[in-house]
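All remarks here apply to the structure that follows.
The values are calculated or read from the model by the stated rules, or taken from the named source; none is laboratory data. From a predicted model like this one, the values you see are computed outputs, not experimental measurements. Quick reminder, even Gly has a Cβ in these numbers, built from the backbone with ideal geometry, and neighbours come from all protein chains shown. The protein model used for the area step is the full one, side chains on, heavy atoms only, and it has no ligands, DNA or RNA in it. Shrake-Rupley method; radii C 1.70, N 1.55, O 1.52, S 1.80 Å.
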Amino acid sequence: MTKSDLLFDKGNDKHAEFLVFFGTFVDTPKLGELRIRERTSVGVLGGIIRFINRNSFDPIKDCLAYDSSLSPEDVTVIDTIGEDKTQHSTFYFPGFIDTHNHVSQYPNVGVFGNSTLLDWLEKYTFPIEAALANENIAKEVYNKVISKTLSHGTTTVAYYNTIDLKSTKLLAQLSSLSGQRVLVGKVCMDANGPDYYIEDTKTSFESTVKVVKYIRETLCDSLINPIVTPRFAPSCSRELMQQLSKLVKDEDIHVQTHLSENKEEIQWVQDLFPECANYTDVYDKYGLLTEKTVLAHCIHLTDAEARVIKQRRCGISHCPISNSSLTSGECRVRWLLDQGIKVGLGTDVSAGHSCSILATGRQAFAVSRHLAMKKTDHVKLSVSECLFLATMGGAQVLHMDDTLGTFEVGKQFDAQVIDTDAPDSNVDMFHWQLQGEDEMQEQMQDIYTNPPLLTKEDIIAKWFFNGDDRNTTKVWVAGHQVYQV
Ligand code: GUN
Ligand code: FE
């Protein structure tokens, strides 16, 4: 099977079967805490984690102890210890969460020249989004992005589509077929757009209602949810934002938009909405800030704006690849986290040129170091903090941390297998760096000084800095396998 062969067919769903995953489980239950549970069995039924046994020697026995009415034939064991000759290279990690991805812009990844936000939108972005009204083009792009993100271990994504109703329904449909957990947003823009890419207020609102109805009443897939998507304040009339706000509150729907990305954008918003104290106040005044609101970027916020975001319990999608590429600025992630504001990661394709949350995490690490050079070491993000943002932080931002982000009993089993020793892997470790290769280490003591051994944390850091999709060998969403190499 090739990298693009996804297990898209949900026809052979075996949700009644008890699955027991056996191996090393790594996750980040708290900011800065890297939890490594070795020789652990995780029992999954109906997509939900039912038990977790540490120091397990017999996963089938664990399962029968959990439910004595089961017989061994009812249980399927997925054993990475058996596959891992060295027991160093393979571990389960929670599926990545991409809190901000413009799927419709994917054909443009890497194409942005020297532009900054507002000229980038006019020159590159509106033309490609408008072109996706062609459903043949749209289908090809959506399938590519869904398969690409899954192959990079992303199990949950908040997608922005375009203003087009039909293709937004298609995106929801294809997402459902793929088994990815997805929030689907029809972009709303009834102001300040080019003639070829704008809608009137009524159409914008009504097509949003239709997308919500289609997803909730026709598609009826618990993995697919609608997300109301006013593009950003300059694209939306007051009337539209008010109507969307009422819909969000009446129907309890997620919201996503952009906030405080670029200095010219901020000035433009101030000019367009003189009645508002600041950019954040526009969304607050027109009712779009809820605990299910995802705000992308938030680079140049004032203290007063951060306080409102905290009060309204909104989440922030940090998109560091995009922010560096469009020279938007450096988001002060530590400053946000210190205030108890929820932060996750977003690829922001195509202002961000990668579909990989691992690559986005590395850029978050680098941007925090650049900030540290101007401020203090306190603002540096560690590897485990970046991995937290990539998983649990994203779950918090999407208001799904009760069910996603870590391996806990009662949570969904959204996971990836990481194999640092996968074919052609870019993660190089020498066998004499690994604990337990005793024979070799004994021989070497005679000849060389003992080489330093890698800790488990070192191995995870090596994956963080050098890993890519070659290391993501299998992916599950809600206990259903959606990808394998
Ligand atoms: N602000 C308004 N629209 C967009 C967009 O498509 N991408 C980014 N990064 N910022 C925006
Ligand atoms: Fe964006």
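See the values below:
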item	result
Matching entry among ILE321, ILE266, ILE341, ILE316 (being in contact with a Phe, Trp or Tyr (Cβ under 7 Å, 6 or more places away or on another chain) and either under 17 Å from CYS386 (Cβ atoms) or within 16 Å of ligand 1 (Cβ to nearest atom) (or both))	ILE266
Test result for SER328, within 15 Å of ligand 2 (Cβ to nearest atom), within 19 Å of the chain's Cα centre (by Cα), closer than 19 Å to THR360 by Cα and of a type outside the set (A, V, I, L, M)	no
Filter pass, ASN136 being out of contact with any strand residue (DSSP E or B) (no Cβ under 9 Å at 6 or more places or on another chain), open to solvent by 20 Å² or more (accessible area, probe 1.4 Å) and part of a helix (DSSP H, G or I)	yes
Matching residues in segment 282-316 - criterion: being open to solvent by 70 Å² or more (accessible area, probe 1.4 Å) and either of a type in the set (Lys, Arg) or closer than 18 Å to THR229 by Cβ (or both)	LYS285, ARG307, LYS310, ARG312, ARG313
Selected residue [farther than 25 Å from ASP252 by Cβ and either among the β-branched types (Val, Ile, Thr) or buried (at least 20 other Cβ atoms within 10 Å of the Cβ) (or both)] from TYR196, TYR142, TYR160	TYR142
Residues of segment 80-104 satisfying the condition of being within 12 Å of ligand 2 (Cβ to nearest atom) and touching a strand residue (DSSP E or B) at 6+ places or on another chain (Cβ under 6 Å)	ASP98, THR99, HIS100, ASN101, HIS102, VAL103
Qualifying positions in segment 243-281 - away from ligand 2 (no atom under 16 Å from the Cβ), closer than 26 Å to MET400 by Cα and surrounded by 15 or more Cβ atoms within 10 Å (Cβ to Cβ)	GLN243, LEU244, SER245, LEU247, VAL248, ILE253, THR280, ASP281
Unmet requirement for ASP119, which otherwise passes all of (1) in a loop (DSSP other than H, G, I, E, B); (2) open to solvent by 40 Å² or more (accessible area, probe 1.4 Å)	(1)
Hits in segment 301-342 - residues which are among the polar types (S, T, N, Q) and more than 20 Å from CYS276 (Cβ to Cβ)	SER317, SER322, ASN323, SER324, SER325, THR327, SER328, GLN339
Meets criteria (of a type in the set (A, V, I, L, M, F, W, C) and under 15 Å from PRO226 (Cβ atoms)) for LEU183	yes
Members of segment 283-294 that are free of Cβ contacts under 8 Å to residues at least 40 places away in the same chain and touching a helix residue (DSSP H, G or I) at 6+ places or on another chain (Cβ under 7 Å)	ASP284, LEU289
Strands (runs of 3 or more DSSP E) fully within segment 1-106 counting 3 or more residues that are modelled with pLDDT of 95 or more and within 24 Å of GLU385 (Cβ to Cβ)	18-27, 35-45, 90-94, 96-102
